[in-house]
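**Student:** Below you will find the structure I want to go over with you.
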Amino acid sequence: MRFKPLFLVLCAIPLSAGLAFYIFVDGLSQRRPDIIELSASRQYILERVPLRVFFSEGELAYLRMTDLDEPKFIYRSPLYPIGQLDMSFVTIPGKISSSTVDFNTEKKYFVFRADQWKEHWLNRFVSNTPYSIEPPVESKNK
């Protein structure tokens, strides 16, 4: 009987940690963005959402795309350094594109262009959309 309170406390700690992590992941679609754009077609809302992560060098963010034709579908990109995303998007048939990222609107996936990509362990939880990493496109005006 003396060990019952200790047992309850030891069970409550992992349960509380699991619940806190679930609330964190569940809240990713409601986090406040620092930049909001509307696609030229007015079908997608593009948002850059900063995410403060402990034990991480530099600030990170993810891109959140909301399809206004189906607002229950919210697409989140993996985490990337906040300063590396160009938020000047252009709508091309089948995709929304900037110099650093494309979002394929037909197949619903991201393509990031980066020289050095650091995969973050939280991407398994933050990103709910497939993505690929490609080398940056060289400028033809050199």
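The values are calculated or read from the model by the stated rules, or taken from the named source; none is laboratory data. Note that this is a predicted model, so its numbers are computed, not measured. Here Cβ is always computed from backbone atoms with ideal geometry, including for glycine, and neighbour counts include all displayed protein chains.
**Student:** Which one is farthest from the chain's Cα centre (by Cα) among residues in region 96-118 that are surrounded by fewer than 17 Cβ atoms within 10 Å (Cβ to Cβ), among the charged types (D, E, K, R) and modelled with pLDDT of 90 or more?
**Tutor:** Checking each candidate, the answer is E106.
**Student:** Search region 33-77 for residues being of a type in the set (F, W, Y) and surrounded by 16 or more Cβ atoms within 10 Å (Cβ to Cβ), and hand back the single one that is modelled with the lowest pLDDT.
**Tutor:** If we take residues in region 33-77 being of a type in the set (F, W, Y) and surrounded by 16 or more Cβ atoms within 10 Å (Cβ to Cβ), then Y62 is modelled with the lowest pLDDT.
**Student:** Still on this structure, I have one more. Could you tell me whether Y62 is assigned to a strand (DSSP E or B) and touching a residue at least 60 places away in the same chain (Cβ under 8 Å)?
**Tutor:** yes
**Student:** Which residues, counting only those in region 90-116, are under 13 Å from Q43 (Cα atoms) and not in a strand (DSSP E or B)?
**Tutor:** Passing the criteria: P93, G94, T105, E106.
**Student:** Do you know which residues across region 90-136 are touching a residue at least 40 places away in the same chain (Cβ under 8 Å) and farther than 20 Å from F73 by Cβ?
**Tutor:** V90, E119, H120, L122
**Student:** Here's another thing I want to ask about it. Before we move on, is S77 of a type in the set (G, A, S) and in contact with a Leu (Cβ under 9 Å, 6 or more places away or on another chain)?
**Tutor:** Considered against the rule, which asks whether it is of a type in the set (G, A, S) and in contact with a Leu (Cβ under 9 Å, 6 or more places away or on another chain), S77 comes out as yes.
**Student:** Further question: Go through region 16-32 and count every residue that is exposed (fewer than 10 other Cβ atoms within 10 Å of the Cβ) and either in contact with a strand residue (DSSP E or B) (Cβ under 6 Å, 6 or more places away or on another chain) or at pLDDT 75 or above (or both).
**Tutor:** Residues flagged as exposed (fewer than 10 other Cβ atoms within 10 Å of the Cβ) and either in contact with a strand residue (DSSP E or B) (Cβ under 6 Å, 6 or more places away or on another chain) or at pLDDT 75 or above (or both) within region 16-32 amount to 1.
**Student:** Which pairs do you get when a residue that is under 23 Å from I74 (Cβ atoms), found in region 1-27, comes within reach of a residue that is surrounded by 10 or more Cβ atoms within 10 Å (Cβ to Cβ) and modelled with pLDDT of 75 or more, reach meaning Cβ atoms under 9 angstrom, with the pair 6+ apart or on two chains?
**Tutor:** Here the result reads F21/F125; F24/F125; V25/F125; V25/V126, each pair linking region 1-27 to a residue that is surrounded by 10 or more Cβ atoms within 10 Å (Cβ to Cβ) and modelled with pLDDT of 75 or more.
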